[in-house]
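J.: This structure is in C-alpha cells; I'll ask about it shortly.
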Amino acid sequence: EEFPEIPTVDEPTARFFIGSDIFKESVSQVDTVSNDTSRPILTGVFLHTFENNIYMAATDGYRLSERKLFETDQEFESLVPSNVLKKVSGVIPEKLDEIEILINDNQIQFMVGEILVVSNLIDGKYVEYRRLIPESTETVLKMKRADFIQTIKVAEVFTRDSGGSITLRADEETSKLSIHTIASEIGESTSETEAEITGSGEVTLNVNYIKQALSAIKSSEVSFGFSGKLAPTVFKSTESDDYIHIVMPLKS
C-alpha cells in the first residue's frame, strides 16, 4: 500500500530559521494557554510579528506570557496549537543547531533536521493582549530569583486550605517582601526576604502562578511589579526585556 502524501505548506507568507535552544526555551516560557476547548483561540500560542520583531505569546485570561524572539522584516500572524509546539520541541535532536518554520494562511510547517511536522493553524483573531501589559507599576521589587523561590516554597505549605492564595506585602522603608498565608488547621504564616523596593504595596496571588512565572524567568535576579490589589502583576528579568509574564491578582 502507498502511504498518503504528507501535506506541505505551499506559497508560504513567512519563512524563517530559529535556533533550536531558543525555540525550546521560548515554547516552555509561553506555557500559559487555556485548557478550555470552548474557547479555542486561547488554547493556542500567538506566533506573530510586531514592530519588526517575532514574538510568541499566550494567555488563559488569568496569566499571560510573551517572549520576543528576534528581529525580522517579515509581517505575519499565526495561531499555533500549543501541543504542536511542544511536540516539535520534544523531537529536536540535541546536536541540531536550528529549525526552519514556514507559515501560510492556514498551516505551519516545521523542518526539524529530517523530521517534517505540518499542522493546521487555529482559525480566529487573537485577543489584543498587549493592552493587559502595564507600561509601569506603582510598586517595583528587585530580588534574587533563588531567594524569591525559597520564600514562596515556605509559604506554599500553608496554602492548601486557601486554594493557593498568598498575600505579598512590599515595604519600601524596611526593604522587605513579606508573604502572608492562612491555613485553617495550622494557623497563619509570614515569611520574609530582602528586596530592593520602590513604592510600598500589597497584592494577593495564586502561589502556583508565581512559581510558574519564576520558573520561566532564567536570570539570577527578577523584577516583580504591581499597582494595587486589582491591576495585573508583572514578572520579568532584570537582565533582559525579551520575556514578560503577567499574573492577574486574586480578590483578597
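The values are calculated or read from the model by the stated rules, or taken from the named source; none is laboratory data. Please read all numbers here as calculations on a predicted model, not as lab measurements. Positions of Cβ are backbone-derived with ideal geometry, glycine not excepted, and every protein chain shown enters the neighbour counts.
J.: I'm trying to understand the selection: among the residues of segment 138-152, which are under 20 Å from the mean Cα position of the chain (by Cα) and in a helix (DSSP H, G or I)?
T.: Listed by number, the residues that qualify are 145, 146, 148, 149, 152.
J.: Just give me the residues in segment 215-237 being within 19 Å of residue 151 (Cα to Cα), part of a loop (DSSP other than H, G, I, E, B) and in contact with a strand residue (DSSP E or B) (Cβ under 6 Å, 6 or more places away or on another chain), in sequence order.
T.: Correct list: 217, 219.
J.: Here's a follow-up. Looking only at segment 190-212, which residues are in contact with a Leu (Cβ under 9 Å, 6 or more places away or on another chain), of a type outside the set (Ser, Thr, Tyr) and within 25 Å of residue 60 (Cα to Cα)?
T.: Selection gives 202, 203, 205, 206, 210.
J.: Something else about it: Any idea which of (1) under 24 Å from residue 245 (Cβ atoms); (2) surrounded by fewer than 16 Cβ atoms within 10 Å (Cβ to Cβ); (3) in contact (Cβ under 8 Å) with a residue 24 or more places away in the chain is the one residue 116 doesn't satisfy?
T.: So residue 116 meets the others, but not (1).
J.: Another question, if that's okay. Those residues that are at pLDDT below 95 and of a type in the set (Val, Ile, Thr), I need them from segment 1-40; list them, please.
T.: Within segment 1-40, 6, 8, 9, 13, 37 meet the criteria.
J.: Of all the residues that make up segment 164-184, how many are touching a helix residue (DSSP H, G or I) at 6+ places or on another chain (Cβ under 6 Å) and at pLDDT 95 or above?
T.: 0
J.: Related question: Can you go through 163, 199, 225 and tell me which one is over 21 Å from the mean Cα position of the chain (by Cα) and within 30 Å of residue 42 (Cβ to Cβ)?
T.: Just a single option satisfies the conditions, and that option is 163.
J.: Determine the pairs where a residue that is assigned by TED's automatic domain parsing to the domain that holds residue 70 and in a helix (DSSP H, G or I), located within segment 11-38, has a partner that is among the charged types (D, E, K, R) and at pLDDT below 95 with Cβ atoms under 8 Å apart, the partner being 6 or more residues away or on another chain.
T.: Listed by first residue and then by second, the contacts come to 25/218.
J.: Of the residues 151, 193, which single one is over 29 Å from residue 34 (Cα atoms), among the polar types (S, T, N, Q) and buried (at least 16 other Cβ atoms within 10 Å of the Cβ)?
T.: 193 is the lone residue from the list that is over 29 Å from residue 34 (Cα atoms), among the polar types (S, T, N, Q) and buried (at least 16 other Cβ atoms within 10 Å of the Cβ).
J.: Please indicate, with yes or no, whether at least one residue in segment 67-85 is without any contact (Cβ under 8 Å) to a residue 60 or more places away in the chain, part of a loop (DSSP other than H, G, I, E, B) and among the hydrophobic types (A, V, I, L, M, F, W, C).
T.: no
J.: Looking at 147, 73, which is the one that is outside the structural domain of residue 37 (by TED's automatic domain parsing) and acidic (Asp, Glu)?
T.: Just one listed residue meets the conditions, 147.
J.: Taking residue 199, is it of a type outside the set (Ser, Thr, Tyr), surrounded by fewer than 17 Cβ atoms within 10 Å (Cβ to Cβ), modelled with pLDDT of 95 or more and farther than 15 Å from residue 149 by Cα?
T.: For residue 199, the condition - of a type outside the set (Ser, Thr, Tyr), surrounded by fewer than 17 Cβ atoms within 10 Å (Cβ to Cβ), modelled with pLDDT of 95 or more and farther than 15 Å from residue 149 by Cα - is met.
J.: Still on this model: May I ask you to list the residues in segment 50-75 that are surrounded by fewer than 18 Cβ atoms within 10 Å (Cβ to Cβ), of a type outside the set (D, E, K, R) and either on the phi > 0 side of the Ramachandran plot or touching a strand residue (DSSP E or B) at 6+ places or on another chain (Cβ under 8 Å) (or both)?
T.: 52, 53, 61, 62, 70, 72, 74
J.: Related question: Which of the residues belonging to segment 86-137 are assigned to a strand (DSSP E or B) and polar (S, T, N, Q)?
T.: If the condition is that a residue be assigned to a strand (DSSP E or B) and polar (S, T, N, Q), then 107, 109, 119, 120 are the ones that fit.
J.: Here's a follow-up. Identify all residues within segment 82-105 that are buried (at least 16 other Cβ atoms within 10 Å of the Cβ), within 18 Å of residue 12 (Cα to Cα) and not β-branched (Val, Ile, Thr); write none if there are none.
T.: 102, 104
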